[in-house]
Amino acid sequence: LLASGRFRKEDTSAALRDRSQLTFTGKVSAPTVSADRKQLAYFTKECSGADCRFAIDVQDVGSTTTRRVLEGATAAYSMEWSPDRRNLMMNGTISGRYGTYIVSALGGAARFVTSGAATFYAGGDSLLVGPPPTPDSTFVVRIAGLDGTVRDSLRVPGPGIQLASLVSVPGTSRIVAMVIQPPRGLWQVFERT
């Protein structure tokens with residue numbers, strides 16, 4: 001606001017920078033780049049009639065060579081890298097079971113974590129694991145190792161129809177959780193302590 005009472009015009013233009021195309025197949029969905037920006041992971045979909053299957057492909061940024069780390073999922077919704085780039089966490093359906101799975105970035109069988117929300121924690125060597133999606137007045141989030149051994153827990157107050165999302169704030173002991181309270185979601189920030 002200027003002294004004359006008028007607003008000054010602010011430059012809100014954006015400058016585009018050089019871009020790099022990372023994939024060339026046209027079949028990529030839900031891409032995610034590792035925190036160090038060195039690797040890209042994404043779902044690919046292949047259909048035979050009405051039967052569709054999803055896979056996870058990984059590639060180094062700047063390379064066109066891909067490595068398949070998972071095949072055969074019948075649904076695929078979201079994916080995230082662990083901070084250390086050793087694992088991916090995906091949400092989808094494998095062998096008829098919906099939920100959140102850990103997939104090694106080197107390949108191998110996916111490991112079921114929960115039918116609820118989950119995320120990596122503590123630099124990628126721990127997990128925050130939410131309960132199955134059921135209504136409650138309070139939701140218990142388990143803190144577990146990658147092997148699934150529960151080491152601690154914390155409570156997320158409701159009420160709500162489900163704990164829909166968990167986010168670990170990197171470099172802190174803060175956790176963000178969303179409880180669905182129709183017609184909206186309630187986001188809450190917690191300290192691990």
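The values are calculated or read from the model by the stated rules, or taken from the named source; none is laboratory data. Just so it is clear, the structure is predicted and the values come from calculations on it, not from any experiment. Using ideal geometry, Cβ is built from the backbone for each residue, glycine included, and neighbour counts are taken over all protein chains shown. Areas reflect the complete protein model, heavy atoms only, side chains present, ligands, DNA and RNA absent. Shrake-Rupley method; radii C 1.70, N 1.55, O 1.52, S 1.80 Å.
Computed with a 1.4 Å probe over protein heavy atoms only, the accessible area of K45 comes to about 100 Å².
Rounded to whole Å, the principal axis extents of the Cα atoms in the stretch 33-112 read 36, 26, 19, largest first. Taking all protein chains as they are arranged and a probe of 1.4 Å, the heavy atoms of R174 leave approximately 110 Å² accessible to solvent. Under the rule a/c < 1.5 gives rounded, and otherwise a/b versus b/c splits prolate from oblate, where does the chain land using the Cα gyration tensor? Oblate shape, in that a/c is at least 1.5 and b/c is the bigger or equal ratio. In this structure the chain gives 61 Å² per residue of accessible area when probed at 1.4 Å with all protein chains present.
For the stretch 117-184, the orientation-averaged shadow of the C-alpha convex hull comes to 4.3 nm² (one quarter of the hull surface). Ranking S95, S165 from most to least accessible surface, computed with a 1.4 Å probe over the protein chains only, gives S95, S165. Of the peptides 88-94, 34-40, 60-66, the order by per-residue mean of other Cβ atoms within 10 Å, starting with the highest, comes out as 88-94, 34-40, 60-66. If R0 is 25 Å, what FRET efficiency do you get for T172 and D84 from their C-beta distance, rounded to 0.05? For R0 = 25 Å, the calculated efficiency reads 0.90.
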